[in-house]
1. Hey, among L189, L125, which residue is part of a loop (DSSP other than H, G, I, E, B), within 22 Å of the chain's Cα centre (by Cα), more than 21 Å from I374 (Cα to Cα) and modelled with pLDDT of 95 or more?
2. Quick one: count up the residues across region 208-233 that are crowded, with 16+ Cβ neighbours inside 10 Å and assigned to a loop (DSSP other than H, G, I, E, B).
3. Given the criteria touching a Phe, Trp or Tyr at 6+ places or on another chain (Cβ under 9 Å) and touching a residue at least 24 places away in the same chain (Cβ under 8 Å), does L83 qualify?
4. From I78, I28, which residue is of a type in the set (V, I, T), more than 29 Å from H106 (Cα to Cα) and in contact with a Leu (Cβ under 8 Å, 6 or more places away or on another chain)?
5. For region 355-374, state whether one or more residues are closer than 20 Å to K290 by Cβ, in a helix (DSSP H, G or I) and over 18 Å from the mean Cα position of the chain (by Cα).
6. Looking at S262, is it on the phi < 0 side of the Ramachandran plot and free of Cβ contacts under 8 Å to residues at least 24 places away in the same chain?
7. Looking at this structure, is R381 basic (K, R), crowded, with 19+ Cβ neighbours inside 10 Å and in a helix (DSSP H, G or I)?
8. Restricting attention to region 236-272, report how many residues are part of a helix (DSSP H, G or I), charged (D, E, K, R) and over 10 Å from the mean Cα position of the chain (by Cα).
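The values are calculated or read from the model by the stated rules, or taken from the named source; none is laboratory data. Bear in mind the structure is a predicted one, so any value in this text is a computation, not a measurement. No Cβ is skipped: glycine too gets one built from the backbone with ideal geometry, and neighbour counts run over all protein chains shown.
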Amino acid sequence: MYQVTRTIFNEEHELFRQSVRDFIAKEIIPNNADWEKSKMVSRESWKKLGDNGFLCLQASETYGGMGIQDFRFNAIFIEELGLSGCSGPAIGYPLHSDIVFPYIQHYGTEAAKSKYIPGMVSGDLIGAIAMTEPGAGSDLQAIRSTAEDKGDHYLINGSKTFITNGFLCDIAVVAAKTDPTKGAKGISLFIVDKDMDGFSKGVPFEKVGLHAQDTCELFFEDVKVPKENLLGKVGEGFKYLMTELAQERLIVALAAVALAESTFLSTIEYVKNRAAFGKMVSDFQNTRFKLAEMGAKLEQGRIYVDHLVMLHNDKKVDGAMASSAKYLMSELQCNVSDECVQLHGGYGYMWDYAVARAFADARVQRIYAGTNEIMKELIARKILG
């Protein structure tokens, strides 16, 4: 039986894990097929997550949160979502809590925190982050959206694409140029909410995978954003993005290894119960060797990300380390899903089988949060100095 010895969690963590696992079994797994057809999770699910205290774990009690400062709890939530095999929820929920929320927590004005964080904790407000543009993917310095200072407000114009949680979002952290002549130093971040005139959304994309995840374009036409919705200082946005992207990439790595484990575990059960040429598929040497290879790599990956979670608790994970984790674990997820499809034979190519959906869902992990080619460039910069 595949099982990795874990040393970073205590009894309190495991009690939390069981509560997350029970919630997922009751509220997420039974609904995931319908969500895939709808191209998004339900708003009701967000409210139930909030009611159970699973959103924005680091939010202080002042804003209705629990003020948990131990990132291991976040890791457990991400891991259990991944182990459920529900790829869309495994991406969308953590993005809200562990990617969008930290920008508001770390850089928001008191007015913005008071206005938005309680709703993010309760699930009444769904968050997205809007960086990528049609002509600017991993190259954030090339964004063309603008935010013009009008004295008592900013006027934002532009568009964003491939935005996770985009269709359902109530608020979005938006990167825009406050000074297009200054490159990276001309980028600032703003909170835009759905009630602001000029903010609109496209229809959810027809994606290859992640069908339960709403992904769409966002459009900004003379959107009037109050000054208190500026995050941090003018022109500091690119620096904030580079700081927070380390956690984002660690989250992708955590989700990737858990989703890969889910696919691996279901494949073990399949080959043990599927007959071919008069014996179980698990009895063939090729099957056993493939499982051994994947099991060894997954164990290595799990231990690696556990180590990074502990380093992140001590604020010791830098951008290159997170890039390494994102690169290695997303590649591992893609490789495992591919091998597992092969072990299923023709059934692995049937959409009714979870392994086929896992294969389709995995591919984008090597693209978003910075392509793996960019990850390697960032890793190389640290190596070469």
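1. Only one candidate passes the filter, namely L125.
2. 7
3. Working: touching a Phe, Trp or Tyr at 6+ places or on another chain (Cβ under 9 Å): no; touching a residue at least 24 places away in the same chain (Cβ under 8 Å): yes.
Spelling it out, it is not the case that L83 is touching a Phe, Trp or Tyr at 6+ places or on another chain (Cβ under 9 Å) and touching a residue at least 24 places away in the same chain (Cβ under 8 Å).
4. That would be I28, the only listed residue that is of a type in the set (V, I, T), more than 29 Å from H106 (Cα to Cα) and in contact with a Leu (Cβ under 8 Å, 6 or more places away or on another chain).
5. For region 355-374, residues closer than 20 Å to K290 by Cβ, in a helix (DSSP H, G or I) and over 18 Å from the mean Cα position of the chain (by Cα): present.
6. no
7. In short, no.
8. 5
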